[in-house]
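Here, each number is a calculation from the coordinates, and none is a lab measurement. Quantities reported herein were computed from a predicted structural model and do not represent experimental measurements. Glycine also receives a Cβ, built like all others from the backbone with ideal geometry; neighbour counts cover every protein chain displayed.
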Amino acid sequence: MASTSQHLLLSPAELAYLHSTLSLTPPLRPDGRTATQFRPLTAETGILPGTNGSARVCFADGTEAVVGVKAEVEKTANTSITSEQDQASRQPKQRRRKQQAKDQEAAKAEEEEDEAEDGDAERRSEDEWLELSVEIPGYRDDDSGTVFLSTMLSEALLADGELTKKLWINRRFHWKLYLDIILISPPLSYPLPLLSLTTHLALLSTRLPRLKSEGDEDPMFDDDWASSQFIYSRASRPSTNTSRPPITLLVMAVGENVIFDPSKEELAVADCALAVSVGESEVESEAETDDAAMDVDAAAAATAEVKARTTLRLLSVRTIDPPSRLTAPGVPNAVNAAAWGQQGGGGGSSAAPVAAKETTGLRAAETGSVEGVWKAPRGGSKIAIISTIVEKILQKGGVAEEVLEGLDGVELA
Amino acid sequence: MQGRSLSEVASNRFVSKAELNVNFGGMRTDQCGPLTAATAILDTLNSKLPKNFNSSTVIETSTMTSLKRSVNTDPLSSNLSSKVYVRSTKSGKVQKIVREVYLRQDIPCSSRLCSNCLASAPRSAAGVVSPFVLSDRPAGTKAYPQGHYLVPDTNALLNAMDLFEQGSAFFDVIILQTVLEELRNRSLPLYNRLIGLTKSQEKRFYVFFNEFRLETYVNREQDESINDRNDRAVRRAVKWYNDHLGQTKSKSIPVTVMLSDDRGNLEKAKQENVPGIRLRDYVSGLKDAERLLDMIAESQERVTSKEKKTEFFYPEYFSLSKMMTGVKSGMLHQGMFNVSPYNYLEGSIKVPAFPKPLIILGRDNINRSVDGDVVVVEVLPQDQWKAPSTKIIEEEAITKNENADNDEGAVDVVTEKERRALQEEVKKTQGQTTEGRPQPTAKVVGVIKRNWRQYVGHVDPSSVSQTARQGRKQESVFLIPMDKKIPKIRIRTRQAGELLGNRILVTIDSWDRESRHPVGHFVRSLGELETKAAETEALLLEYDVQYRPFPKTVLDCLPKEGHDWKVPASTDDPGWKDREDLRGLLICSIDPVGCQDIDDALHAKPLPNGNYEVGVHIADVSHFVKPANAMDMEASIRGTTVYLVDKRIDMLPMLLGTDLCSLKPYVERYAFSVLWELSPSADIVDVRFTKSVIKSREAFSYEQAQLRIDDASQQDDLTNGMRTLLMLSKKLKQKRMDAGALSLSSPEVKVQMESETSDPIDVKTKELLDTNSLVEEFMLLANISVARKIYEVFPQTAILRRHGAPPKTNFDELANQLKVKRGLELRFDSSKALADSLDACVAEGEPFFNTLVRIMATRCMMSAEYFCAGTQSFPEFRHYGLASEIYTHFTSPIRRYADLVAHRQLAAAIGYEAMHPAVRARGRLEAVCKNINVRHRNAQLAGRASVAYYVGQSLKGRVAEEDAFVMRIFSNGFVVLVPRFGIEGLIRLRDLAEPEPESVFDAEEYVLRLSGSYETSVELFQKVRVRIRDVKDEATGKRGAKMELVRAV
């Protein structure tokens, strides 16, 4: 985290002030936004003519990202899988699921999965069909921060398997999607939401050539680009939203307050910061959404809410180490040598009691909290806060829905 | 980041990752839209935002520069557009391709009326504007009396390319780039023909690059199909031409007219006030309209009738992707479709997966394939496997009285007659011999590539109605192609009466599922049947021999001195550089009588050490034909000189072939010499190659040379040299025979002509003298020596000739026949074994039997082919027939292009000259080899066909009774070979007697026993007496040598 956003030069006193204003109800944000308000952004798609889909998003703070999507036809490995091998290949997934769910439930899920596959002409998909690379200027691509970012982004895209399912051509071939995510400005704030929104838009605008062949033949495509098809079909939009690519939102908490799209200054005082990935799927039955919730690889609990037409579902929640943890603590006046005259009583007292007072003051600064004195937050996120965050995101008319609606308005080129 | 530009970063990423064409990197910085562009985009963005969006997420206009290029708003972008399409590569990659189009305004209209374009037209590096093409006073018609330019659309060209090639009409044609590109996608052969037309001066065809001219470029609209867009582009271009020419100050401004067959397009043109006319209507207004109308392809007329018919004769083809998948996975097989010459309902296809060709039996399994097509087949289940036919089935006989007009009405694709013909056949598949054993059969499921060409034939008189013979009604008639393997072609014509009895040229347009026969159209008439001119031209067309006179560009490559060219007298002349002066050697040439293009000459002289110096001197054609000039291109296309009985179609212009290159006697000539030192036992002691100057002392014919050698009184050095050569050649031949060289045979005859009228008067089999073999041996020796040398220096690119060992199965049948009939054993495990066992195949008192076996054995062989050394491994180089491990052609550069290439390579190998890139590039050489292999075979076939025709002509009005041998037996006839004339003939049982004699065919013993109306038995290899007469079949109008069995001997 620290490495991917530049260090802030805020004094402990400034941090303490910021923290206290953000803790107010309602919070007072430095740029005057409400807690759920996003920074203004500009977005456009189709900026790279040679790609299958592309998008550019600029935040008002000057950060800017470009995402290009390229697709290639690839032969699916071991095309002639017998059902037994098939079972074997699915083992790891199931095992993981079993760890989370009770045995019966896993068995039930398995049954259902089998049914679904039979019905869907064995449309299976693999995570390798999506390759994602993130480039942050000034950082190596094996920098831990960059790797973490790309892991989070791909986790969100792959979690529900919807995207890779769309890449299925037939039992022998699939599309391989290369996502190139580039931050083209210096990382002024934590770029995760920017990159995620740009990726979302790029995928929305991604089109694949129309398939002409049938069945398991070697695929042949229509050479007319105008007849290519969006992978996220917009046939019936916007009245009935079909599925859209997942997005990852950055949320932080200060005290009891939940703040969306934090700026870098705000992040510097976060008690905790979370990256929450939300996906959307077509209308499904209650039972299945419950199962989907089981899939979540999240550190926290998960809920799912069924909406009238589309389902927003939580795909993952990741804790992000906020820079606030690395800030230097403020020094209470009690132990501040510079504030000597104000705190100490008699001028001519001996040195020993002063020393004792200093040690107690230091301890107080490290352990207890002193009003108006900055202290780096410690400990994990509180469960209650996390559930508040998730609720705010997923609820009807909540933040996720609003963001998706907003991105939906971007014209696709 | 500071140091690198944005585009650099982005392009590096995308290109390296996906290997796809990302134009991002190529973006010009000045094209990045100015602020206005960005604002405009964002305005549209905002207007699309839903109302409830404002509360939390705001997309607002910032001062950021947009990266996106917007055609609408960027004032600089009016001359910039792009084309987007999907490209699928062979390896299975699917790429989105974006091509930028930079529109310009200086592309000229090329009309001589226009002075504006002339001023602004782009100039070449030399400052010259290419001359304008379209006439300032184009021809007018009734509809356009002020003159007109034509703009055909793609369909017009597809349907009526033959019309555009007419010399009487269709001048001043504007070919739009849109149309040209579309045509290339639809039909490459037609595209090439069109390109040829645009190069011709007199036709005045101009290619207008409308897609690059700002005013005529059209953007594809939302939801507009590519076809509609292209049609619109054509209309726009026509409109522009009319507007543009309207601005000229000329008194009579020609109309630019769109030619189309698309009703929708014409209607739109009418609405937009663009002059347009239906192709048919236009042609109707021309002179000679009836003949021209026949040249419009059939297909488009059928559109109307299609709707009412839902009945299909043939199964549908698989989709291309399905076929490709099947071929890749081995479920289907791809190969070239060949029709049996004896049975038009039986075809075969050789595929790599099976040792023997797959058999395709019956009309619905053949499924509209024509001989030569590349097709995909599916193997039928084993219970449907059949033996190859033992019956002659000729299309003419079976489908004789079909009515061309009623073709569609028939219920089933397989007529009752055809079914009966095939039925009898199936009964006889129980035999146990190799011939009778069921073989895998297959059915055609799709055609990858049609290899349709133009076919020569004649109209089936029985298909022409009486009314049409007089009237001018359009009707369908059948054309019977000369090539028996090609099915009847249905053509619609108004001139059926006139075409009767003529050789005519047609093309096949299509073969739809609902049509029993392919549909074609008339191209031109070659003249009356059996006139020499028509028949010769028919032959040349049928074998695709390029017979037009050499174009001027080729003749320009000849030496300026013409026939006065001489070897420079001074040895300081550059022509003498690195040439050896061999004028002192006693060189002579030995060729057939009357040979004008003398390729080779020889000499021999004893050396002091008891060895002999032997030289083979070959005409130095490569001195005159420089690589990659027009003459070289023409020669590489022609590939070989074609010898017909009365005509020679040269590969090189006469001046070179018969004079400057030809090693004529008594004059000095440039040559390329191979000089050996041979020991008295004809072993090579040393060999060297050099360019030289020689002076041949004498040009002998084989007979003259033989006489001179045999005449003991002649003791001059020249004759003694020839005796030495003869002595050595016999030793060389013995060595070759010991190594296993085959002496094969084909029936060769010579037609003697009356010198005045050049009418054939007699046919003679060619005689072989010792001197023939003398020349042959030294040519072989030279070829082998040269092959070794060029392979040593250019192991990748050397042009060589190989003769593959025939697959063992090819001989199975012949071996069995010999065993059953004569108790002879044919061994074919090596060429040596084969040669020996062929020698043993003699029948007492019948010298011709051996030749017959050799002829039949030759037909089991593979054909020799040219190839590029790098394409095969060394063991594959072997020449089976000559039993040589390496071989090439070097000794006839005047008449074979391969030899010319070998000359150039050898010259480079000995350091005489640098290797020209064209001779070095392997890809090009492979293409050359492929072409000359085809040309070589065609030339042979054309030569044979010519002989056959003249043999027939020499029999005209005569009846000859000759000996013949039975070569092949069917259940309802047999094939005989007449050695005297070198022709084969088919004797059908039904012709022997009336009613047709009953027959029992014993496939195991190869005997056909006849009873009933004609009692005899005919067996394989039997000598029979036949009567040959020249008969004209009244039904088909075809003349041919007809044979009748007189008696079995």
Within 10 Å of the Cβ of an average residue in B:631-641, the count of other chain Cβ atoms is 0
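Cα-Cα over 20 Å: which of B:203/B:647; B:328/B:350; B:356/B:443; B:731/B:789; B:239/B:270; B:647/B:695?
Working: B:203/B:647 30 Å; B:328/B:350 17 Å; B:356/B:443 16 Å; B:731/B:789 23 Å; B:239/B:270 11 Å; B:647/B:695 29 Å.
Table pairs above 20 Å Cα-Cα are B:203/B:647; B:731/B:789; B:647/B:695.
How high is the FRET efficiency from residue B:514 to residue B:199, r the C-beta distance, R0 41 Å, rounded to 0.05?
Numbers: r = 39 Å, r/R0 = 0.96.
With a Förster radius of 41 Å, E is 0.55.
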Taking 7 Å along the Cα-to-C-beta vector as the label spot, tell me the residue B:120-residue B:1029 distance in nanometres, rounded to one decimal. 7.8 nm
How big is the gap, in Å, between the Cα center of the range B:607-654 and the Cα center of the range B:500-516? 40 Å
Long-range amide H partners of residue B:393 with built H, under 5 Å: B:343, B:344
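Does the range B:116-296 come out rounded, prolate or oblate, given a ≥ b ≥ c as the square roots of the eigenvalues of its C-alpha gyration tensor, rounded meaning a/c under 1.5 and, failing that, prolate meaning a/b above b/c?
Working: a/c = 1.23, a/b = 1.08, b/c = 1.14.
It is rounded, given that a/c, with a ≥ b ≥ c, falls under 1.5.
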Whole-Å distance linking the alpha carbon centroid of the range B:212-267 with that of the range B:525-588 is 48 Å
For residue B:188 and residue B:248 in the same chain, what is the full-extension length gain: residue separation times 0.36 nm, less their Cα-Cα distance, in nm? 17.9 nm
The range A:150-201-the range B:121-143 distance, computed between alpha-carbon centres (Å): 56 Å
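Per-residue counts of other Cβ atoms within 10 Å, averaged by peptide: what ranking do you get for B:687-698, B:262-273, B:806-817, B:169-180, highest first? Walk me through the intermediate numbers first.
On the way: B:687-698: 20.3, B:262-273: 14.8, B:806-817: 16.5, B:169-180: 22.4.
Per-residue mean Cβ counts within 10 Å order the peptides as B:169-180, B:687-698, B:806-817, B:262-273.
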For residue B:1046, residues with placed amide H under 5 Å, excluding near neighbours: B:1025, B:1026, B:1027
Karplus-derived 3J(HN,Hα) from phi for the range A:186-193 (6.51 cos²θ - 1.76 cosθ + 1.60, θ = phi - 60°), whole Hz, x at Gly and Pro, runs x, x, 6, 10, 4, x, 3, x
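Give me Rg/Rg_expected for the range B:957-1048, where Rg uses Cα atoms only and Rg_expected = 2.2 N^0.38 Å with N residues.
Numbers: Rg = 13.0 Å, N = 92, 2.2 N^0.38 = 12.3 Å.
Its radius of gyration relative to the 2.2 N^0.38 Å reference: 1.06.
Counting other beta carbons within 10 Å of each residue's own, what order do B:97, B:296 fall into, fewest first?
Values: B:97 17, B:296 22.
Ascending number of Cβ neighbours within 10 Å: B:97, B:296.
Give me a single rounded figure for A:35-41: the average over its residues of other chain Cβ atoms within 10 Å of their Cβ.
Working: counts 1, 3, 4, 5, 2, 6, 5.
Per residue, the average neighbour count from other chains is 4.
When Cβ neighbours within 10 Å are restricted to other protein chains, what is their mean count per residue of peptide A:206-218? If you can, show how the numbers build up before the last one.
Working: counts 0, 1, 3, 7, 1, 2, 4, 6, 3, 3, 3, 11, 11.
For this peptide, the per-residue mean of nearby foreign Cβ atoms is 4.
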Per 5 Å bin, what percent of the C-alpha pairs of the range A:194-237 does each bin hold, from zero upward? 5, 20, 19, 21, 16, 10, 7, 2, 0
Amide H neighbours of residue B:211 under 5 Å, at least 5 residues apart or on other chains, H built in the peptide plane: list them. B:177, B:178
For the range A:315-320, what does the Karplus curve 6.51 cos²θ - 1.76 cosθ + 1.60, with θ = phi - 60°, yield as ³J(HN,Hα) per residue in whole Hz, taken in order and with x for Gly and Pro? 9, 6, 10, 10, 7, 10
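Please rank B:521, B:148, fewest neighbouring Cβ atoms within 10 Å first, as an exposure proxy. Don't skip to the end; give the middle numbers.
Numbers: B:521 26, B:148 21.
So the residues, fewest neighbours to most, are B:148, B:521.
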For B:337, A:230, B:848, ascending order of other Cβ atoms within 10 Å (fewest first) is B:848, A:230, B:337
Could you check the simple spin-label distance between residue B:565 and residue B:684, using points 7 Å along Cα→Cβ, in nm with one decimal? 3.0 nm
Using θ = phi - 60° and Karplus 6.51 cos²θ - 1.76 cosθ + 1.60, couplings along the range A:174-179 (whole Hz; Gly, Pro as x): 8, 7, 10, 9, 10, 9
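Pairs to check: A:166/A:392; B:730/B:956; B:83/B:268. Give those whose C-alpha atoms are more than 31 Å from each other in this structure. Don't skip to the answer; put the middle values down first.
Working: A:166/A:392 29 Å; B:730/B:956 42 Å; B:83/B:268 24 Å.
Long pairs (Cα-Cα over 31 Å): B:730/B:956.
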Taking 7 Å along the Cα-to-C-beta vector as the label spot, tell me the residue B:78-residue B:93 distance in nanometres, rounded to one decimal. 3.8 nm
